[in-house]
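Everything below concerns the one structure shown next.
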Amino acid sequence: MTIEQLSEKRQSLLATAREIASNPDGDLAQVKSIMAEADKAAERIEALKAIGETAPVAPKNQPEEQPWKSGGVVRNPFTGSRDEANYKAYAFGQWARSIMGNRKAADWVKSNLKAQSEGTTTAGGFTVPDPLSSDLIYLRESYGIARQNCKVYPMTSDILNVPNATASTSVYYPGENTAITASDLTFAQVQLVAKKLAVLTQVSKELAEDSVIDFGATLARDMAFVMAKEEDRVVFNSATDATSGIDGILWAVYNLNATKANIASLVLFDAGSVAGQPTLANIRTMVQKLPTYAANAKWYMHREFFFNNIGTRLDALGGNSIMDIQNAYGPSPTLYGYPVVFVQNMPKVNTASSPAVLLGDLSSGTVFGDRRGVTIEVSDQRYFVEDALAFKGTERYGFNAFDLGNVNATASLRVPGSLIVGAFQAT
């Protein structure tokens, strides 16, 4: 048996012994027998290591083995050419194997990634090495709408205050020989508080053993996707729930005031539209409210909501009028000149007293903080019966939607922000 196989056998024996020992009716004699077998496995591991240390070293001029060039995966999420993407997937797989206790993988990581790599299968959290972390962040940005459109700030502490200009200087017309009236540029602080996000992924031991490239690509793709999906849920559709503690944009605007008509950045769809769709006049009003400084504004909504609600209104237009306001059909639709971005964890059904659509410039109306990169832990205990490994990924980030506009009972005094929300009225 190889060192890796012996290590896995030893860990399995130890897990079985712990399980029996924790049972009040457990057989202590059986525990001792299993522990003795585990000790023998440990002795064989040390013997094999000693043999490996005395084995002849390959000549330095021998070409370096490059196993990632011998094959590739169909759905490799990493960037670059075929060889570059395969190398990154291979490196991610070797790094993941190294924190599982695979000695050969740990040695490869030490030589090629220059990062801490050794660990056990039951403890230890390891931050993804820099060469892989940047690409994992790219994957999250590829999958996630929030990171693609928000301005991301690195957070060096748990709380970050970002300055935001709230009032500009004033212009005056002084008379001859008259002092100019001074005015100040006013700033406020937008606070980011780091929150921890975690994901647990089950990986079969067969996958981890059979193909390093497939293993790395599968693990990276899954963790990047689910983390980006959760970030999008929080940014767009969180209602300060216990899971995140963050106000998402839709509900941050909608909950500004109990009297919805007084919220400057909120457009209420026509009464009775819950059973049907918002009118084009409602959509046009959202565009009308958008301030001119929101230069990178986009529509954000669920794909089903767009085609079930907006699409039916556009279909009803006569002649070629549909082309006068949008290019709605295709992979990159627009509406009243603004791009439509589909966010699949935004509302897709019409619900009374609920927000559903966003037209906004996330780069000017929100801040997104990146506190800590992805940290990975691995265990063979949770899915012991399934003979699988549990990979836990965590990250820390913060979010704040701040440019929400004001609330005022007088229509002329309402000042919308760069985040305009459309919502269904109460029935």
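Since every read-out is calculated from the coordinates, none of them should be taken as a lab result. All of these numbers come straight from a predicted model, not from anything done at the bench. We place every Cβ from the backbone using ideal geometry, glycine too, and count neighbours over all the protein chains shown.
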Identify all lysines with a Cα-Cα distance to Lys205 below 20 Å; exclude those on the same chain that are fewer than 8 residues away in sequence.
Lys9, Lys104, Lys392
Give, as ranges by residue number, the residues of the stretch 336-366 whose backbone N falls under 18 Å from the point 7 Å along Cα→Cβ of Asn257.
354-355
Compute the distance in nm between two label points, each set 7 Å from the Cα along the Cα-to-Cβ direction, one at Leu200 and one at Lys32.
3.6
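Could you work out the local net charge near Ala411, counting Lys and Arg as +1, Asp and Glu as -1, over the other residues with Cβ closer than 14 Å to its Cβ? Write down the numbers at each step before the final one.
Numbers: positive: Lys260, Lys289, Arg414; negative: none.
Its environment carries a net charge of +3.
Estimate the FRET efficiency between Gln5 and Ala271 by the formula 1/(1 + (r/R0)^6), using the beta-carbon distance for r and 60 Å for R0, to the nearest 0.05. The partial results should precede the final answer.
Numbers: r = 70 Å, r/R0 = 1.16.
Once the sixth-power term is evaluated, E becomes 0.30.
Could you give the length gained by full extension between Thr292 and Thr279, i.e. 0.36 nm per residue of separation minus their alpha carbon distance, to one decimal place? Before the final figure, lay out each step's value.
Working: separation 13, 0.36 × 13 = 4.68 nm, distance 2.33 nm.
Here the segment from Thr292 to Thr279 would lengthen by 2.3 nm.
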